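**Student:** Handing you this structure, nothing more for now.
The values are calculated or read from the model by the stated rules, or taken from the named source; none is laboratory data. All values reported here derive from a predicted model rather than from experimental measurement. When we count neighbours, we look across all protein chains shown, and the Cβ atoms used for this are built from the backbone with ideal geometry, even at glycine. Protein only, heavy atoms only, side chains kept; ligands, DNA and RNA dropped before computing areas. Shrake-Rupley method; radii C 1.70, N 1.55, O 1.52, S 1.80 Å.
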Number of protein chains: 2
Amino acid sequence: MSNKNYAPLTEESAITLAKELAYFTAEEHVTCEEIGDGNLNLVFRIKGFERSIIIKQALPYAKVVGESWPLSLKRAEIESHALRIQGQYVPHLVPKVFHEDHDLAVTIMEDLSHLTIARKGLIDGEDYPLLSTHIGTFLAHTLFFTSDFGLHASKKRELDSQFCNPDLCDITEGLVFTDPFGPYETNNFEPALQEDVEQIWNNVSLKERVAQLKYSFLTHKEALLHGDLHTGSIFASETETKVIDPEFACFGPIGFDIGQFFANLLLQAISREEERQAVLFTHIETTWNVFSDTFSALWHQHSVDAYTTLDTWRIAVLANIFREAVGFAGCEIIRRTIGLAHVADLDGIEDETRRIHAKKQALKLGTALLLHDVNTVDAQFYDRIFKTIKNEVNA
Amino acid sequence: MSNKNYAPLTEESAITLAKELAYFTAEEHVTCEEIGDGNLNLVFRIKGFERSIIIKQALPYAKVVGESWPLSLKRAEIESHALRIQGQYVPHLVPKVFHEDHDLAVTIMEDLSHLTIARKGLIDGEDYPLLSTHIGTFLAHTLFFTSDFGLHASKKRELDSQFCNPDLCDITEGLVFTDPFGPYETNNFEPALQEDVEQIWNNVSLKERVAQLKYSFLTHKEALLHGDLHTGSIFASETETKVIDPEFACFGPIGFDIGQFFANLLLQAISREEERQAVLFTHIETTWNVFSDTFSALWHQHSVDAYTTLDTWRIAVLANIFREAVGFAGCEIIRRTIGLAHVADLDGIEDETRRIHAKKQALKLGTALLLHDVNTVDAQFYDRIFKTIKNEVNA
């Protein structure tokens, strides 16, 4: 803590702060660039002679479609706290946090500019062969060790109460689970989709499934989620993966992070020609398999709950995580197509016919995932759903 | 707050405190009696000329079977906070809170000595004709208005974080969900039950069901629970019902309070001759029907979530609450028979043959409730389970 009064940093005051904190000497020539998208945060990259750091500062409002609404600065604390916890379990998969200042809503961390945002890279045709292995590992470790399987219940209750994040959860509750499924003002879709959108709004079974999933997000405090694990929250290269921006972190259902990641890979798949989709389907299956195997290994080696000796219970827990992940993926695919916050994977398709076709495909896939039978857990459970995914992307 | 240092009150210092706070004049002749069971709290009844009050003070430890373990004094704050919240919705069904002192871990409240603890009254043959209507009303209001159906999600998240109650939840997690289902030291059962107990410990399906229910208690933050709603936490008369002692309050699955109450009525039923059981079965069905009808009415009139317009969703939510209540009742019945904390309904049966028979019956009933098919939700769903209950009590 600094006892400083909050004010948004400028490039100059960011440099002053970095020098005060001795990341650079007073005389050192440094450059500073604001590289954030400016919606929720300022992000300054400060480069000196030998090192380079990131100063991220929360803004007291969110800019969304020209409007602005107030947002608690506490989310900077949530973000740095989440990064530190994730860093305990998967230090190689998150940025290093150097310093926090809660008064300034500032986190100073490792500069990862040598990496590319995965969404951009995937759009540009990168394959990121290790992406799914890394994300599966990230998910398994961060979710297992903050769940009641890996953390003693009392400690988990205390940690949960430290991640009360109502402002940002409110955004997720509205923009992911509510608004896209009815005629809300925040929605934003191309007129050519009107009929497909109304089919979703009129589908009672689909809406009941979304109601269940929303209720799970609201009430099921299974583990500390990243809370916003789309491909825009991941830096990647051929060899490295770093998960950033956990300001939406909160306790919630384990399947949520997994489903968001699946959905964003699928939105990318839909944007591609069929012959280039296979790598993404493989990423989805690998993410699940690495998550499931690693989570199981941690369960066998590090579990703290008495009932983890029952292997049928582990199998049931994993099936339920997958069941929910599939549903959460359905919500995410639909909301990224017709809700407030879109993805460049689809919006970036310049040819209108192709773009509208892709968006209709996304709505079909999202619907199929939400209405899929996820209650019959037999030997074909996982394969059946992976198969549906592939078929629906090109149906 | 008083800025006083914590020290356990004596009858004399309790009187001094009551006079300092002007519940009585300095000259008034008052009598003071410590009426608590002394396990977790001191409870002083102070009577003056015109009024009578209760001073309840948390002790920094729990006395259980001669041992003592440390317990956070924060539970006094949890209890008075829960009483105030419940008092907003059902003021006629909880004691009035007059004053709180968090430093002293003290709550001063209405004296309800004109009523009898329901467990004692039921053992003594009282019927309490309004008990189930009142408890159904209590459950519906307190659980609806603290759930995401009746309270805006952000406010509910904040309230949840104020009810982080790890010490007492730890007791429930151990004594209700873990220890009775394996060879733990805290268990306490008569040797004649050994075979029945081992059958439970060796029943993998039963243990997986208990694992699910425990996980639900650990993770499903649906509403603010009383957390310990047995018949010993209820004062009753022919016309009045007051729910006391919510120091175990925490957010958890809605079915938990309902299941605990069902279980304690069933333990009383098992202790009786068959011809006197009907009133208790009626109490169970009435509790559910009043809860379900009132919860539905509140849902229709006061819901805050978009999806509450789907009536199929309301029906699914209620079925899930009942499904879990039945399971929680099974856990409670078993743990009150073989775990650490017993009930006078069974332990008080003097004739050994009858007592052992009743306890074996309890273990059978608890097992039946845990293994009952609760997934087939058809038109006979509720009736089928109420019927099983009646049959199993006398099987």
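**Student:** Let me have the 222 nm mean residue ellipticity of chain B computed from DSSP H runs of 4+ only, each contributing -39500 (n - 2.57), with the sum over all residues rounded to the nearest 500.
**Tutor:** So the helix-based figure for chain B works out to -16000 deg cm²/dmol.
**Student:** Loop only by DSSP, 10 or fewer other Cβ within 10 Å of the Cβ. Give me the chymotrypsin sites (Phe, Trp or Tyr not before Pro) in the range B:42-92 that pass, ordered by residue number.
**Tutor:** Details: sites: B:Phe44, B:Phe49, B:Tyr61, B:Tyr89; in loops: B:Phe49.
Passing sites in the range B:42-92 are B:Phe49.
**Student:** With no solvent and one equal point scatterer placed on each C-alpha of the protein assembly as shown, evaluate the Debye formula and give log10 I(q)/I(0) for q = 0.06, 0.08, 0.09 Å⁻¹, two decimals.
**Tutor:** Debye output, listed in q order: -0.43, -0.74, -0.91.
**Student:** Also, I was wondering about something else. Using modelled backbone amide H atoms (1.01 Å from N, in-plane), which distant-in-sequence or interchain residues come within less than 5 Å of B:Ile117's amide H?
**Tutor:** B:Ala236
**Student:** Give me the percent of the accessible area of the range A:11-110 that comes from carbon and sulfur atoms, probe 1.4 Å, all protein chains in place.
**Tutor:** Carbon and sulfur atoms account for 52 percent of the accessible area of the range A:11-110.
**Student:** So what's the projected area for the range A:111-157, the Cα convex hull averaged over all directions, in nm²?
**Tutor:** So the mean shadow area of the Cα hull is 4.8 nm².
**Student:** Kindly give the distances from A:Ala278 to its copy-mates, label point to label point, with each label point 7 Å from Cα along Cα→Cβ, as nm values to one decimal ordered shortest first.
**Tutor:** 7.4
**Student:** Under the definition of partner shielding as Cβ atoms of other protein chains within 10 Å of a residue Cβ, what is the mean value for peptide B:304-311?
**Tutor:** Per-residue shielding by partner chains comes out at 5.
**Student:** Right, another one. Any chance you could tell me what percent of the C-alpha pair distances in the range A:11-110 go past 24 Å? Intermediate values should be presented prior to the final figure.
**Tutor:** On the way: 1281 of 4950 pairs.
Beyond 24 Å sits 26 percent of the P(r) for the range A:11-110.
**Student:** For peptide A:217-230, compute the average count of partner chain beta-carbon atoms within 10 Å of each residue's beta-carbon.
**Tutor:** Values: counts 2, 9, 14, 6, 6, 4, 1, 0, 0, 0, 0, 0, 0, 0.
The per-residue average across the peptide is 3.
**Student:** Moving on. Binning every alpha carbon pair distance of the range B:204-304 at 10 Å from zero, what are the percents per bin?
**Tutor:** 13, 36, 38, 13, 1
**Student:** Under a point-charge model restricted to the Cβ atoms of Lys and Arg (+1) and Asp and Glu (-1), what is the dipole moment magnitude of the range B:58-179 relative to its Cα centre, in debye to the nearest 20?
**Tutor:** That gives the range B:58-179 a dipole magnitude of about 300 debye.
**Student:** Here's something else I'd like to know. So what is the accessible area of the range A:116-393 per residue, in Å², with the probe set to 1.4 Å?
**Tutor:** That works out to 34 Å² per residue.
**Student:** Under 5 Å between amide hydrogens, which residues at least 5 positions from B:Ile254 or on another chain qualify, with H placed 1.01 Å from N in the peptide plane?
**Tutor:** B:Glu222, B:Ala223
**Student:** Would you mind checking which residues have amide H under 5 Å from B:Leu59's amide H? H placed 1.01 Å from N; only 5 or more apart, or other chain.
**Tutor:** Here B:Asn41, B:Leu42 satisfy the definition.
**Student:** A:Ala82: net charge of surrounding residues, Cβ under 11 Å, Lys/Arg +1, Asp/Glu -1, itself excluded?
**Tutor:** Around A:Ala82, the charge tally is -3.
**Student:** Right, here's the next one. Taking a label point 7 Å out from Cα toward Cβ, give me the nm distances from B:Ala319 to the same spot in the other copies, shortest first, one decimal.
**Tutor:** The answer, with the shortest distance listed first, is 1.8 nm.
**Student:** Hey, another quick one. For the range B:11-110, report the accessible area per residue in Å² (1.4 Å probe, heavy atoms, rounded to an integer).
**Tutor:** It amounts to 48 Å² per residue over the range B:11-110.
**Student:** Could you run the Karplus curve 6.51 cos²θ - 1.76 cosθ + 1.60 with θ = phi - 60° over the range A:98-106 and give me ³J(HN,Hα) per residue in whole Hz, x for Gly and Pro?
**Tutor:** 9, 7, 10, 9, 5, 5, 8, 6, 10
**Student:** Ballpark to the nearest 100 Å², how much total accessible area do A and B bury together, probe 1.4 Å? Working shown, then result.
**Tutor:** Numbers: alone 17170 and 17160 Å², together 30780 Å².
The A and B chains share an interface burying roughly 3500 Å².
**Student:** Each residue of the range A:12-17 in turn: what ³J(HN,Hα) in whole Hz from Karplus with 6.51, -1.76, 1.60 and θ = phi - 60°, glycine and Pro shown as x?
**Tutor:** Per-residue couplings from phi come out as 5, 5, 5, 4, 4, 4 Hz.
**Student:** Give, as a single signed number, the net charge of other residues whose beta carbon lies under 14 Å from the beta carbon of B:Ala325, with Lys and Arg counted +1 and Asp and Glu -1.
**Tutor:** Residues close to B:Ala325 contribute a combined charge of -3.
**Student:** How much net charge surrounds A:Ala316 when only the other residues with a Cβ under 15 Å from the Cβ of A:Ala316 are counted, with Lys and Arg +1 and Asp and Glu -1?
**Tutor:** Numbers: positive: A:Arg314, A:Arg323, B:Lys207, B:Arg209, B:Lys214; negative: A:Asp148, A:Glu222, A:Asp305, A:Asp311, A:Glu324, A:Asp378, B:Glu208.
Counting the neighbours of A:Ala316, the net charge comes to -2.
**Student:** Residue by residue through the range B:268-282, which ³J(HN,Hα) values in whole Hz follow from phi under the Karplus form 6.51 cos²θ - 1.76 cosθ + 1.60 (θ = phi - 60°), with glycine and proline marked x?
**Tutor:** The phi angles translate into 5, 4, 4, 6, 9, 5, 4, 6, 9, 7, 3, 4, 6, 4, 4 Hz.
**Student:** If you don't mind, another one. Leaving out ligands, DNA and RNA, what percent of the accessible area of the range A:116-393 is carbon and sulfur, probe 1.4 Å?
**Tutor:** Carbon plus sulfur share of accessible area: 49 percent.
**Student:** Using a label point 7 angstrom from Cα along Cα-to-C-beta, what distances in nm, from shortest up, separate A:Thr239 from the other copies?
**Tutor:** 8.4
**Student:** Further, regarding this structure: What is the Rg over Rh value, at two decimals, for chain B, using alpha-carbon atoms and the Kirkwood definition of Rh?
**Tutor:** 0.97
**Student:** Also, quick follow-up: Within 10 Å of each Cβ in A:170-183, how many Cβ atoms from other chains are there, averaged over the peptide?
**Tutor:** Values: counts 4, 0, 1, 7, 2, 0, 0, 3, 3, 1, 0, 2, 3, 0.
Average neighbour count from other chains, rounded to a whole number: 2.
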